[in-house]
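Encoded as structure tokens, the structure appears first; notes follow it.
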Amino acid sequence: MTNFKTISTHDLFNISNAPSLNKKSLNQKGSVEYPYVTRTRENNGVDSYTGFIDNEHLNPTNTFSLGLMQMSVNFQEHAWYSGQFVKIITPKIEVNHEVGIYLQTWISKLALTFDPQAIRNVDTLFYKAKFVLPFNENDSLDTDYITNYIDKIEAQYIAKINDNFQYLKGC
């Protein structure tokens, strides 16, 4: 049985400055498989791609980027490098694609309340926030509920896209 309860962001996440690189530091030789995430709202925050640079600046998979100037939040499923004015939000729980998308919605809603002019207070404001999330009978985040919920939404959108494609194909 799923119950919804209020939980503090402090119990779910750590927020910190992402180790930043300027664009001149990117490695364009060979395989460019790592996203270079900036504060942009577009393309999941990805400005470009780079090859491996170093482990010191590499942010882990299944974390969130927070672009400070526009307060844009993006779920990063792959290891990534970041530009300036980007925070990393690291979950204290295991996060898969569906849970990441679900939590991104909550974090994005929270980020919209932040004043971009007061970026030095973001950590304090972030840790004061609370979310209402589904929990199972073991009193842990109900990832099965979240996964099913997101899967249903994605299936609805895919069906709409397919319907539109079929319509356009018939024109």
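Stretched out fully, how many nm does the piece from W106 to N22 gain, at 0.36 nm a residue minus the Cα gap? Kindly include the intermediate steps, with their values, before the conclusion.
Values: separation 84, 0.36 × 84 = 30.24 nm, distance 2.93 nm.
Taking W106 through N22 to full extension adds about 27.3 nm, to one decimal.
Provide the descending list of Cα extents for the range 3-170 along its principal axes, expressed in whole angstroms.
Rounded to whole Å, the extents work out to 51, 45, 30 Å.
Rounded to the nearest 5, what is the percent of antiparallel bridges among the DSSP beta bridges in the chain? Don't skip to the end; give the middle numbers.
Numbers: 26 of 29 bridges.
About 90 percent, rounded to the nearest 5.
With 10 angstrom as the radius, rank R41, R120 by how many other C-beta atoms surround their C-beta, starting from the fewest. Mind showing how you got there, number by number?
Values: R41 13, R120 8.
With the fewest neighbours first, R41, R120 line up as R120, R41.
Starting from the Cα-Cα distance between T90 and D115, subtract it from 0.36 nm times their residue separation and give me the gain in nm to one decimal.
Values: separation 25, 0.36 × 25 = 9.00 nm, distance 2.14 nm.
Once the chain is fully extended between T90 and D115, it gains 6.9 nm.
Rounded to the nearest 20 Debye, what is the dipole magnitude of the range 18-150 about its Cα centre when Lys and Arg each give +1 and Asp and Glu each give -1 at the C-beta?
Working: 11 positive and 14 negative charges, 145 e Å.
It works out to roughly 700 debye.
Once you have the Cα-Cα distance between N55 and N164, take 0.36 nm times their residue separation minus that, and quote the gain in nm to one decimal.
On the way: separation 109, 0.36 × 109 = 39.24 nm, distance 4.39 nm.
Here the segment from N55 to N164 would lengthen by 34.8 nm.
For L112, L21, what's the fewest-to-most ordering of other Cβ within 10 Å of each Cβ? Spell out each step's value before the answer.
Details: L112 10, L21 20.
Least to most surrounded, the residues fall as L112, L21.
Rounded to the nearest 500, what is the 222 nm mean residue ellipticity of the chain from helices alone, with -39500 (n - 2.57) per DSSP H run of 4+ residues and division by all residues?
Result for the chain: -10000 deg cm²/dmol, rounded to the nearest 500.
What is the distance in Å between the Cα centroid of the range 57-78 and that of the range 19-54?
That distance is 12 Å.
Bear in mind these aren't lab numbers, they're just calculated from the coordinates by the rules spelled out. Just so we're clear, the structure is a prediction, and the values are computed from it rather than from any experiment. Cβ coordinates were reconstructed from backbone atoms using ideal geometry, including for glycine residues, and neighbour counts include every protein chain displayed.
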